[in-house]
Amino acid sequence: MPFLEVDRELTRLSYYDATAPRGPAHAPLQGEVQADVAIVGGGLAGLSAAIELRQRGLGVVLLEAQHIGFGASGRNGGQAIHGLACDPPTIEAELGLDEARRVWAMTLQAIDLIRQRCSRFGIDAEWHDGFLGVAVNERKARALREGVDHLARHYGYEQQWIEAPELPRWIDSPRYVAAAYDARSGHLHPLKYTQGLARAAAGLGAALHEGSAVTGLQQRGDEVLLTTAQGRVRARQVLLAGNVYLQEFAPQLAPQLGPRVMPVGTYIVCSEVLGAERAAALVPCGAAVCDNNFVLDYFRPTADHRMLYGGRASYTTKTPADLAAGMQRQMAGTFPQLRDVKVEYAWGGFVDISMSRAPDFGRLGRSVYYLQGFSGHGLALTGLAGQVVAEAMAGDAGRFDVFARLKHRRFPGGRLLRMPALALGMAYYRLRDLL
């Protein structure tokens with residue numbers, strides 16, 4: 001089944017769609033319009049940039065191929081966590097410790113930005129403080145502790161270390177042997193947040209157009225022309241914020257970007273309502289939880305007292321067979337007390353991972369910017385990315401260029417062989433996790 005058909009099928013039983021009904025639709029682009037900036041992609045990165053650009057007085061037209069929040073922005077695990085998908089030493093090796101500290105500080109600002117926007121724009125995104133990193137065995141516990149100590153020693157960032165005897169106060173699961181708690185990170189309802197940002201952007205005067213896939217991009221002197229099925233946008237600058245969907249909907253726009261990211265499927269289920277007392281007993285601290293396996297599990301309690309549980313991964317774009325039942329077994333492996341609990345929702349989607357798991361931000365020529373490669377760690381970082389790219393477009397590229405200096409390699413194997421090669425590599429890491 002083609003990628004886009006698989007992806008649309010994965011949206012059918014989404015808890016987020018069921019609990020965040022869509023507001024009024026934004027009409028497709030019709031005719032020709034002009035703007036200071038045209039944005040391709042109506043997810044968190046594009047909407048964040050639209051807000052920031054409008055606050056700087058720039059005219060914005062945003063084009064979304066499907067509907068606002070269609071991709072990872074509206075389907076993810078809802079965890080807003082410090083840092084990047086790669087470990088700090090990866091950034092230190094590329095940029096040096098001082099610049100790595102600057103990147104780290106920006107990832108914390110990204111979390112604060114969520115709180116600020118929810119407050120300023122009246123977005124009820126069900127925010128809850130707290131993130132619990134957990135380890136499934138002693139080797140993983142040592143690695144988790146090393147990361148905690150590294151952040152404390154080199155970045156001045158303290159987290160609470162939790163040994164096995166103390167774990168029941170934080171999480172009621174026999175699976176874990178140690179944990180680290182971060183009070184600054186947290187979790188939310190990502191689709192409600194995305195929809196709130198769309199309302200904010202439109203309220204500030206950004207023109208949002210759904211059902212407007214971009215089919216052509218032409219540089220004409222100081223102007224860029226974007227073409228859709230029914231319209232055109234003439235803009236001084238363009239932001240490509242389609243992430244993994246850009247290469248699927250419009251690979252001809254920027255073919256050099258596609259080989260730098262890979263679509264990886266990730267899957268989530270949500271239980272029936274458990275009741276406040278039972279849900280709170282599973283994770284007494286109320287935090288988002290994620291293990292530090294290479295192929296990881298992530299989960300959190302919801303505001304209506306369910307367990308939302310994510311994990312598994314597909315490196316071939318093929319949806320795992322019997323998704324709901326398989327994920328229910330995975331959830332019961334962590335929480336045996338949920339063995340007989342019904343799964344009411346099961347969905348998934350694709351994230352764009354880079355080879356290094358570091359974000360890939362940059363420019364194509366003078367006028368076209370891009371944001372991609374969030375690698376499954378983008379809920380908070382996409383907001384910061386939209387902010388720094390807006391700064392760059394308005395003339396201050398200082399923070400954007402820190403990220404743009406990160407080097408990125410293409411996935412090996414070309415379009416036909418890179419997915420099988422990645423699947424083989426991930427099988428190796430999954431075996432390491434099991435052993």
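Numbers for the structure displayed
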quantity: Boolean, residue 87 is over 22 Å from residue 301 (Cα atoms), within 17 Å of the chain's Cα centre (by Cα) and either modelled with pLDDT under 95 or open to solvent by 40 Å² or more (accessible area, probe 1.4 Å) (or both); calculated: yes
quantity: Residue list for the range 1-40, restricted to those being among the hydrophobic types (A, V, I, L, M, F, W, C), over 26 Å from residue 254 (Cα atoms) and open to solvent by 40 Å² or more (accessible area, probe 1.4 Å); calculated: 13, 18, 25
quantity: Residue 93 vs. criteria open to solvent by 40 Å² or more (accessible area, probe 1.4 Å), out of contact with any Asp or Glu (no Cβ under 8 Å at 6 or more places or on another chain) and of a type in the set (A, V, I, L, M); calculated: yes
quantity: Lone qualifier among 366, 357 - being charged (D, E, K, R) and within 25 Å of residue 235 (Cα to Cα); calculated: 366
quantity: Filter result for residue 71 (modelled with pLDDT under 95, closer than 30 Å to residue 211 by Cα, within 17 Å of the chain's Cα centre (by Cα) and not hydrophobic (A, V, I, L, M, F, W, C)); calculated: yes
quantity: Any chance residue 313 is of a type in the set (Gly, Ala, Ser), under 30 Å from residue 405 (Cβ atoms) and at pLDDT below 95; calculated: yes
quantity: Subset of the range 174-222 that is closer than 23 Å to residue 65 by Cβ and among the polar types (S, T, N, Q) - its residue that is surrounded by the fewest Cβ atoms within 10 Å (Cβ to Cβ); calculated: 218
quantity: Condition met for residue 284 (closer than 18 Å to residue 134 by Cβ and either surrounded by 21 or more Cβ atoms within 10 Å (Cβ to Cβ) or in contact (Cβ under 8 Å) with a residue 12 or more places away in the chain (or both)); calculated: yes
quantity: First in the range 336-351 and in contact (Cβ under 8 Å) with a residue 40 or more places away in the chain, second anywhere and open to solvent by 10 Å² or more (accessible area, probe 1.4 Å) and among the charged types (D, E, K, R), Cβ under 7 Å, 6 or more apart; calculated: 341/272; 342/272; 344/272; 347/75; 349/75
quantity: Failed item in (1) assigned to a helix (DSSP H, G or I); (2) within 30 Å of residue 337 (Cα to Cα); (3) in contact (Cβ under 8 Å) with a residue 40 or more places away in the chain, with residue 248 passing the rest; calculated: (2)
quantity: The range 329-342 - residue that is in contact with a helix residue (DSSP H, G or I) (Cβ under 9 Å, 6 or more places away or on another chain) and open to solvent by 30 Å² or more (accessible area, probe 1.4 Å) and, of those, nearest to residue 4 (Cα to Cα); calculated: 342
quantity: Some residue of the range 157-171 being of a type outside the set (S, T, N, Q), closer than 24 Å to residue 84 by Cβ and open to solvent by 60 Å² or more (accessible area, probe 1.4 Å); calculated: yes
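The values are calculated or read from the model by the stated rules, or taken from the named source; none is laboratory data. For clarity, every value in this text was computed on a predicted model and none was experimentally measured. Neighbour counts run over all protein chains shown; Cβ positions are idealised from the backbone, glycine included. SASA here: full protein model, heavy atoms, side chains in, ligands and nucleic acids out. Shrake-Rupley method; radii C 1.70, N 1.55, O 1.52, S 1.80 Å.
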